[in-house]
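In what follows, a structure is listed as structure tokens, so that the remarks can point back to it.
The values are calculated or read from the model by the stated rules, or taken from the named source; none is laboratory data. Since the model is a prediction, treat every value here as computed from it, not as a measurement. Cβ sites come from the backbone with ideal geometry, for glycine too, and all protein chains shown count toward neighbours. Accessible surface is based on the protein model in full, side chains and every heavy atom, while ligands, DNA and RNA are left aside. Shrake-Rupley method; radii C 1.70, N 1.55, O 1.52, S 1.80 Å.
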Amino acid sequence: MQNNLINVVILAAGKGTRMCSDIPKVLHTLAGKPIISYVIDIAKYINEKKIYIVYGFKGNLLKRQLNEPLINWVLQNEQLGTANAVAQVLPYLKDNEYILVLYGDVPLISKDTLENLCNIKIKNGIGLLTAISDNPNGYGRIVRKNEVITEIIEHEDANFHQLNIKEINTGIMIANVGDMKYWFKKIDNNNTKKEYYLTDIIKIAYQKHCFTKSICPVELYEITGINNKLQLVHLERSYQLKQVQKLIIDGITIRDPNRFDLRGTLKCGVDVEIDINVIIEGNVVLGNRVKIGAGCIIKDSYIGDDCHIYPYSIIKNSKLSIRCNIGPFSHLRMKANLKRDVCIGNFVEIKDVSLGSSSKTKHLSYLGNSEIGSNVNIGAGTITCNYDGTNKLKTIIGNNVFVGSDSQLIAPVTIAENATIAAGTTVLKDVKDADLVLNIKKQIHKKHWKRPLKK
Ligand code: UD1
Ligand code: MG
């Protein structure tokens, strides 16, 4: 949208006492992302050059973690109320411009709703987002006289009659900066909480014949604020359900919408199937006909057509070409680069490894810092010993190598093409093309051996 005249002010100085946490409220995550990041994203959509965040509690942590260089950070030393928070920003803003107030703890406000609100920006008046709620508890109530909004009464200050009002203040509003500065002079803290309420400007403006025009959000859930962890998990579930419904409508088979979490973005080809309790994090791409078994976690990875990920596998920062079979219980810890038809089986851990086409490592192995060619068979229990206590060292294995079970490959080491490593071998030196390597271990037989008896 990018409207140069609009300054977006995000209020985030509150401690969030009701979260019962050492972490600032707005850094708690919704679908894997800090709740304030949703608000920042939408603020960027409105005007990426004029975003102000009012911060207070653990502000440095907030700044460091969000790492948003374009944002103007404004400190509110003491949390004296929402008007006091906005007052910290007003000196930086030009009178002929507008101020859009967003809340750091109301993450799901939509572009459409804010566009509608920004369209009613008026001089000598206020644009306010209100909503009708069956459960208005805790919210400011919108008081109207002959349809006209005359004031907002905070829950704590409302009388019995006002508590029955179902129209609530979402807190989100837009007004002219000059007007705002003028109205602000009249705000006091004569109320139950002894705070300077931003909401008081509605009455002050009304008394000066400046009116408030309200609109409703496109969907009610957008205005949900998070004040405690129960509200956070409820919002998480409804947000997840919304995401999953969209994915299913787009053609992905997700066996149980209530047992799937997307914490990032997911792009899918056709006929993808996802079983229960799968978590997708970061940016994930699944090709055509990919099947993901129960309990898998996939993060920041690309998985090619016809791959089959069996249950309880974890794949992170990896790239899989077509027709790979992974799991059950595989761990592609990071930087696995698998060519077509690769098989990784149960209890195999992979880290920083490339495997050529049709190579297999099917049971109980650790492969780290390795380049492995195509048609290689890695027997059960093979370990690349890639760490000398200080450095990570490389193992290189050529095409068509056969590594027998329970072998240790002491890096740095290179095993050339077509070599064979017998079972139980500790490979200490490089192996030449087509060699067989075995450690001579003598097998001794003692006839009619009696095991010791218990004394
Ligand atoms: C506020 C509104 C209420 C509205 C509700 C919607 C006021 C007085 N009340 O109440 O009408 O229905 O939001 O969710 O505005 N903050 C600061 N500095 C402060 C105080 C608050 O930055 O000194 C920030 C908080 O971090 C939070 C936001 O302002 O992001 C709202 O504060 P909160 O205490 O949650 O206000 P509510 O009681 O929810
Ligand atoms: Mg709140």
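Can you pull out every residue in the range 219-228 that is assigned to a helix (DSSP H, G or I) and within 14 Å of ligand 2 (Cβ to nearest atom)?
Selection gives I223 alone.
Could you run through the range 97-130 and say how many residues are modelled with pLDDT under 95 and among the basic types (K, R)?
2
Surrounded by fewer than 22 Cβ atoms within 10 Å (Cβ to Cβ), away from ligand 2 (no atom under 16 Å from the Cβ) and within 30 Å of R259 (Cβ to Cβ), is that true of G32?
It is true that G32 is surrounded by fewer than 22 Cβ atoms within 10 Å (Cβ to Cβ), away from ligand 2 (no atom under 16 Å from the Cβ) and within 30 Å of R259 (Cβ to Cβ).
Filter the range 161-190 down to residues that are farther than 22 Å from K94 by Cβ and within 16 Å of ligand 2 (Cβ to nearest atom), then give me how many there are. I'd like the intermediate steps shown before the answer.
Just the residues of the range 161-190 that are farther than 22 Å from K94 by Cβ, to begin with: 161-171, 188-190.
Among the residues that remain, those that are also within 16 Å of ligand 2 (Cβ to nearest atom) are: 168-171.
The qualifying residues number 4.
Taking the range 66-98 as the region of interest, how many residues are part of a helix (DSSP H, G or I) and within 16 Å of ligand 2 (Cβ to nearest atom)? Give the steps one after another, and end with the answer.
Narrowing the range 66-98 to residues part of a helix (DSSP H, G or I): 66, 82-87, 90-92.
Remaining after also requiring within 16 Å of ligand 2 (Cβ to nearest atom): 82-86.
Count: 5.
Going residue by residue through the range 201-210, is there one that turns out to be open to solvent by 60 Å² or more (accessible area, probe 1.4 Å), modelled with pLDDT of 95 or more, in contact with an Asp or Glu (Cβ under 8 Å, 6 or more places away or on another chain) and under 19 Å from L30 (Cβ atoms)?
Looking for residues that are open to solvent by 60 Å² or more (accessible area, probe 1.4 Å), modelled with pLDDT of 95 or more, in contact with an Asp or Glu (Cβ under 8 Å, 6 or more places away or on another chain) and under 19 Å from L30 (Cβ atoms), one finds none in the range 201-210, hence no.
Please work out which one of (1) within 27 Å of the chain's Cα centre (by Cα); (2) open to solvent by 10 Å² or more (accessible area, probe 1.4 Å); (3) within 22 Å of I204 (Cβ to Cβ) is the condition N84 fails and give its number.
N84 satisfies every listed condition except (1).
For the range 275-300, what are the residues that are in a loop (DSSP other than H, G, I, E, B) and either within 12 Å of T265 (Cβ to Cβ) or charged (D, E, K, R) (or both)? Explain how you work it out, then say what you get.
Quick first cut of the range 275-300, residues in a loop (DSSP other than H, G, I, E, B) only: 275-277, 287-290, 293-296, 300.
Answer for the range 275-300, where residues must be in a loop (DSSP other than H, G, I, E, B) and either within 12 Å of T265 (Cβ to Cβ) or charged (D, E, K, R) (or both): D275, R289, D300.
I'd like the residue in the range 148-195 that is under 21 Å from L220 (Cα atoms) and of a type in the set (D, E, K, R) and, out of all such residues, is most open to solvent (accessible area, probe 1.4 Å).
Once the filter is applied, the top-ranked residue is K166.
Looking at the range 244-274, which of the residues that are part of a helix (DSSP H, G or I) and of a type in the set (S, T, N, Q) is surrounded by the fewest Cβ atoms within 10 Å (Cβ to Cβ)?
As a first pass, look at the range 244-274 and keep what is part of a helix (DSSP H, G or I): 244-249, 257-259.
Adding the requirement that they be of a type in the set (S, T, N, Q) leaves 245, 258.
Details: Q245: 12, N258: 10.
The selected residue is N258.
Suppose we filter Y206, Y182, Y197, Y239 for residues that are within 15 Å of ligand 1 (Cβ to nearest atom) and among the aromatic types (F, W, Y); which single one remains? Break it down into steps so the answer makes sense when it comes.
Numbers: Y206 fails: within 15 Å of ligand 1 (Cβ to nearest atom); Y182 fails: within 15 Å of ligand 1 (Cβ to nearest atom); Y239 fails: within 15 Å of ligand 1 (Cβ to nearest atom).
When all the criteria are applied, what remains is Y197.
Would you pick out the residues in the range 129-169 that are among the aromatic types (F, W, Y) and over 33 Å from the mean Cα position of the chain (by Cα)?
Of the residues in the range 129-169, the ones among the aromatic types (F, W, Y) are 139, 160.
F160 - this is the single residue of the range 129-169 that is among the aromatic types (F, W, Y) and over 33 Å from the mean Cα position of the chain (by Cα).
Scan the range 275-305 for residues that are of a type in the set (S, T, N, Q) and open to solvent by less than 50 Å² (accessible area, probe 1.4 Å) and jot them down. Reasoning before the result, please.
Initial filter on the range 275-305 (of a type in the set (S, T, N, Q)): 277, 283, 288, 301.
Answer for the range 275-305, where residues must be of a type in the set (S, T, N, Q) and open to solvent by less than 50 Å² (accessible area, probe 1.4 Å): N288, S301.
For residues that are in contact with a Phe, Trp or Tyr (Cβ under 7 Å, 6 or more places away or on another chain) and assigned to a strand (DSSP E or B), tally how many sit in the range 364-394.
3
Can you name the residue in the range 13-28 that is outside any helix (DSSP H, G or I) and within 11 Å of ligand 2 (Cβ to nearest atom) and, of all such residues, is farthest from G127 (Cα to Cα)? Show your work before the answer.
Applying the first criterion (outside any helix (DSSP H, G or I)) to the range 13-28 yields 13-16, 20-24, 28.
Imposing the further condition that a residue be within 11 Å of ligand 2 (Cβ to nearest atom) reduces the set to 14, 16.
Details: G14: 24, G16: 27 Å.
Restricting to residues being outside any helix (DSSP H, G or I) and within 11 Å of ligand 2 (Cβ to nearest atom), the top hit is G16.
Working only within the range 44-59, note down all residues that are of a type in the set (K, R) and either touching a His at 6+ places or on another chain (Cβ under 9 Å) or closer than 9 Å to N7 by Cα (or both). Lay out the reasoning, then the answer.
Taking the range 44-59 first, the residues of a type in the set (K, R) are 44, 49-50, 58.
Across the range 44-59, the qualifying residues are K49, K50.
Could you say whether any residue in the range 349-372 is of a type in the set (V, I, T) and open to solvent by 40 Å² or more (accessible area, probe 1.4 Å)?
So the first thing to find is which residues in the range 349-372 are of a type in the set (V, I, T), and the list is 350, 353, 361, 372.
Checking which are open to solvent by 40 Å² or more (accessible area, probe 1.4 Å) leaves us with none.
No, because not a single residue in the range 349-372 is of a type in the set (V, I, T) and open to solvent by 40 Å² or more (accessible area, probe 1.4 Å).
Give the range 105-119 a look and list any residue that's open to solvent by less than 20 Å² (accessible area, probe 1.4 Å), part of a loop (DSSP other than H, G, I, E, B) and touching a Gly at 6+ places or on another chain (Cβ under 8 Å), or say none.
V106
Only one residue in G327, G373 is of a type in the set (G, A, S) and within 34 Å of the chain's Cα centre (by Cα). Which one?
Working: G373 fails: within 34 Å of the chain's Cα centre (by Cα).
Answer to the selection: G327.
Which one is nearest to K123 (Cα to Cα), of the residues in the range 200-218 that are in contact (Cβ under 8 Å) with a residue 60 or more places away in the chain and part of a helix (DSSP H, G or I)?
Step by step, filter the range 200-218, then rank; the result is A205.
Looking at the range 120-147, which of the residues that are surrounded by 14 or more Cβ atoms within 10 Å (Cβ to Cβ) and of a type in the set (V, I, T) is nearest to K44 (Cα to Cα)?
Among residues in the range 120-147 that are surrounded by 14 or more Cβ atoms within 10 Å (Cβ to Cβ) and of a type in the set (V, I, T), the one nearest to K44 (Cα to Cα) is I120.
If you scan the range 229-243, which residues turn out to be within 16 Å of ligand 2 (Cβ to nearest atom) and open to solvent by 50 Å² or more (accessible area, probe 1.4 Å)?
Result: K229, L230, Q231, H234.
Hey, which of the strands (runs of 3 or more DSSP E) in the range 123-199, taking only ones fully inside, have at least 2 residues that are closer than 20 Å to Q79 by Cβ?
On the way: elements: 125-132, 141-145, 148-153, 167-176.
Because the criterion is at least 2 residues that are closer than 20 Å to Q79 by Cβ, the strands (runs of 3 or more DSSP E) in the range 123-199 that meet it are 167-176.
List every residue pair whose Cβ atoms sit under 8 Å apart, with the two residues 6 or more apart in sequence or on different chains, where the first one lies in the range 116-139 and is of a type outside the set (A, V, I, L, M) and the second, anywhere, is within 15 Å of ligand 1 (Cβ to nearest atom) and open to solvent by 70 Å² or more (accessible area, probe 1.4 Å).
As it stands, the answer is T130/C216; S133/K166; S133/L220; D134/K166; P136/K166, since those pairs meet every condition given.
This table checks each residue for (1) part of a loop (DSSP other than H, G, I, E, B); (2) at pLDDT 95 or above; (3) open to solvent by less than 70 Å² (accessible area, probe 1.4 Å).
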| residue | (1), (2), (3) |
| --- | --- |
| I396 | no, yes, yes |
| D433 | yes, yes, no |
| Q443 | yes, no, no |
| P452 | yes, no, no |
| K455 | yes, no, no |
